[in-house]
Amino acid sequence: MIYVSIFDKNQLIKMDEEYRKWIEDIGKRYKQRQIKASVSVNQEMIGFYWSIGRDIVEKSAESKWGSGFFVNLSKDMRTILPGVQGLSSSNLRYMKKFYELYSDPILPQFVEELKSKEDSINVPQLVGDLSDKELFSIPWGHHRAIIDKCKLDREKSIFFVKKTILNNWSRAVLLNFLDTDLYERQGKAISNFEYALPEPQSDLAQEITKDPYNFDFVAIREDYSEKELKDALMDNITKFLMELGKGFAFVGREYTIPIEGTEEKIDLLFYHLYLHCYVVVEVKIVAFTSRDIGQIGTYVNIVDDLVKTDFDAKTIGLIICKSKNNILAKYAVNSSKEPIGISEYKLSNLLPVEYRASMPTIEEIENELR
């Protein structure tokens, strides 16, 4: 742990008395945070950053102390906190944005509590349904990434903070989802869950969907078939599950169910650990048609009757297609009593038609030998 040494006040850049007292106060606050750092390093430090951002905004510091304010502030903070990382002028700008993003002018109690109790960040509610404990629990690098990608969109930022906590995302995974427009896609499938499922399962089921799904982790030829796409998804099952979302567990492909002398093969069967239900997924490489509803509805019925137990909730069907007419899709799902969602997929990592894998198939080897 780094401890603050005694510093010479004469070393500080001269501004005015208010500025000098504020800089000294920052040093005191940091030492108070250090005492608690061994218990909760990240939460205390993020709270400290938030309080610096608050000061900069409340004091109108940039306009009061000039254009070189952030550079001067960085120098002075390094003087009173020698050896402490994270005090660059660029990081101080992030602290200001951090405060602006998550502070709420209709919550004056938050500011008053911080002023009266500087030794702790203890706020029961911060912004909307995001608590200070949640906000201050993820690393600063994650916050910087969210600020960069979400700008000052508060709802979008809160969405990614909560997703990071729920899924325990590393910064690399967070950056990946920030780049795939997850916020705009989450819960956007066209479905009849509101009518076909009881609350709160209907809301939770809607939340696990996306539209469109991003299959860019798949490399496939331009003239791919449905089998080739499903093969590619299975070859990348970990990434496929990550794109489907937290809670999906893979049960099987072409899951076979015998039915009185014949058998039905369900293309992709998953189990959702939080909804406690099976999810039948049909991937179509063509545009959605109303006939697809009958097929997946049949599969949902089969799983309900022959696979699910009394401990499982109602099975859900999900069609992921190349494209869809949203109006037709809405009429189609409303015609079914089975819970069904319809989404598109996006696939841009396409290879030339003449491309083939480096290893030839057995059939190709036999043809060459002939």
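Listing for the model above:
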| item | result |
| --- | --- |
| Normalised alpha carbon radius of gyration of region 208-290 [divisor 2.2 N^0.38 Å] | 1.17 |
| Where Rh is the Kirkwood radius over Cα pairs, Rg/Rh for region 238-327 | 0.97 |
| 1.4 Å probe accessible area per residue over region 146-232, in Å² | 48 Å² |
| Residues with amide H under 5 Å from that of LEU268, placed H, sequence gap 5 or more | GLU254, VAL281 |
| Integer Hz, Karplus 6.51/-1.76/1.60 couplings in order for region 224-231, x for Gly and Pro | 5, 9, 5, 5, 5, 5, 5, 4 |
| Under 23 Å from the Cα of LYS230 - lysines, other chains or at least 8 residues apart | LYS188, LYS210, LYS239, LYS246, LYS265, LYS284, LYS322, LYS324, LYS346 |
| Long-range amide H partners of GLU344 with built H, under 5 Å | TYR213, CYS321 |
| Inter-part distance where region 321-336 and region 174-236 are each reduced to a Cα centre, Å | 16 Å |
| Solvent-accessible area, 1.4 Å probe, carbon plus sulfur percent, for region 37-88 | 51 percent |
| Amide H contacts under 5 Å for SER335, placed H, 5+ residues apart | none |
| Relative packing of 57-66, 338-347, 273-282, which averages over residues the other C-beta atoms within 10 Å, highest first | 338-347, 273-282, 57-66 |
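The values are calculated or read from the model by the stated rules, or taken from the named source; none is laboratory data. Nothing here was measured: the structure is a model prediction, and the numbers come from that model. All Cβ positions, glycine included, derive from the backbone under ideal geometry; neighbour counts span all protein chains shown. Only protein heavy atoms, including side chains, enter the accessible area calculation; ligands, DNA and RNA are left aside. Shrake-Rupley method; radii C 1.70, N 1.55, O 1.52, S 1.80 Å.
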